[in-house]
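Report on the following structure.
Read the figures in this text as sums done on the coordinates, not as results from a lab. Small disclaimer: the values here were computed from a predicted structure and weren't measured. Virtual Cβ from ideal backbone geometry, glycine too; neighbours counted across all protein chains shown.
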Amino acid sequence: MTNNNPIFAGIEGDHNSFENASVLLQSIPYDGTSTWGKGADRGFNAFLDAAENMEIYDLETDSEVYKKGVHVIDPILEDSSPEAMFKAVYDSTKELLTKDKFLTFFGGEHSVSIGIIKAFYEAHPDITILQLDAHTDLRPEYHGSPYNHACAVYDASQNTNLIQVGIRSMDSEELKHLDRNKCYFAEDMYGQTDWMEGSVSKMTDHVYITLDLDVFDPSIMPATGTPEPGGLDWNTMIRYLKKVFQQKNVLGFDIVELAPIEGLSAPQFLAAKLYYKMLSYKFSTHE
């Protein structure tokens with residue numbers, strides 16, 4: 001672990017040291033299999049820049065979670081092939097899981113999550129994977145590789161309790177891999193709230209969250225590779241996440257698919273605020 005890595009929210013101090021920090025944050029700026037909008041490899045720097053400019057007091061939880069310490073560890077830069085990237089992420093995450101830290105990751109495209117999730121379910125066989133996404137990502141392979149962004153949760157669907165929320169786009173070939181009882185389509189969620197408790201009730205005690213930013217409506221999150229109309233708004237999302245964090249033991253999460261748009265800073269600010277809000281829910285005891 002090097003000492004010259006970026007500092008989350010621009011706040012220096014001993015709380016951010018590897019030894020003292022409660023949270024580890026790793027960038028995986030891989031964008032090798034994205035098939036339309038490129039730029040997710042630039043997402044982390046935009047996210048960090050936005051984080052330096054946000055308020056660090058969270059009104060809702062009456063907390064300043066940055067004091068728990070967020071240590072930015074070395075990024076995973078392997079990009080020679082999807083297979084090599086997967087192995088590097090998987091091996092790294094297995095090692096990180098031996099540390100007593102809350103693990104967080106920032107993409108990159110959604111394929112970076114495959115190795116993370118595999119390491120998590122091997123360490124926690126009873127885990128639920130909560131996928132917040134516009135797309136099902138259930139292809140066994142795509143463009144010749146099982147480590148494509150379109151395959152992000154296929155392995156999870158075979159080996160974990162996978163809950164999919166916000167889905168509004170898929171290929172008919174994925175239907176045979178879809179568990180309709182654990183998939184919440186955006187069109188059925190609109191104007192409703194029962195899906196929140198319904199989905200949480202199907203989760204095991206331990207949860208890992210993989211969040212593709214295209215789960216949000218493109219009116220508030222246009223800076224992603226494949227924006228789909230009909231997505232979630234901010235308040236619905238954080239209300240739901242609060243329920244998950246309050247009722248379950250969230251072991252870690254990733255945020256992926258931020259592809260910055262030059263001259264438009266709101267999307268990366270949303271991503272930074274979302275990351276901070278999720279940490280606030282994880283560590284706050286406020287009821």
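The table below gives the values:
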read-out	value
Fraction of beta bridges assigned by DSSP in the range 8-283 that are antiparallel (%, nearest 5)	10
In Hz, Karplus ³J(HN,Hα) per residue of the range 187-195 (6.51, -1.76, 1.60; θ = phi - 60°; x = Gly, Pro)	5, 8, 8, 4, x, 10, 10, 5, 5
Of Thr204, Thr224, Thr160, the one that fluctuates the most in a GNM where the chain has Cα springs shorter than 10 Å	Thr204
Paramagnetic reach from Phe18 in the range 101-127 [backbone N under 15 Å; point 7 Å along Cα→Cβ]	101-102
Whole-Å distance, taken between Cα centres, linking the range 165-183 and the range 219-268	20
Mean ellipticity per residue at 222 nm, deg cm²/dmol - from DSSP H runs of n ≥ 4 across the chain, formula -39500 (n - 2.57)	-8500 deg cm²/dmol
Relative packing of peptides 233-242, 266-275, 253-262 - highest average C-beta neighbours within 10 Å first	253-262, 266-275, 233-242
Residue among Ala223, Ala21, Ala134 with the largest mean-square fluctuation in a Gaussian network model of the chain, springs linking Cα atoms under 10 Å	Ala21
Whichever lysines have a C-alpha closer than 29 Å to that of Lys202, once near sequence neighbours (fewer than 8 apart) are set aside	Lys94, Lys99, Lys101, Lys118, Lys176, Lys182, Lys242, Lys243, Lys248, Lys273, Lys277, Lys282
Asp74/Ser265 FRET efficiency (R0 22 Å; Cβ-Cβ; nearest 0.05)	0.25
Selection of chymotrypsin sites (Phe, Trp or Tyr not before Pro), the range 125-204, meeting DSSP coil and at most 16 other Cβ within 10 Å	Tyr190
Amide proton proximity set for Ser169, modelled H, under 5 Å, gap of 5+	Thr136
Among (1) 122; (2) 161; (3) 307, the entry derived from the coordinates for volume of the Cα convex hull per residue in Å³	(1)
Net length gained if the chain between Arg180 and Arg239 were fully extended (0.36 nm per residue, minus Cα distance)	18.9 nm
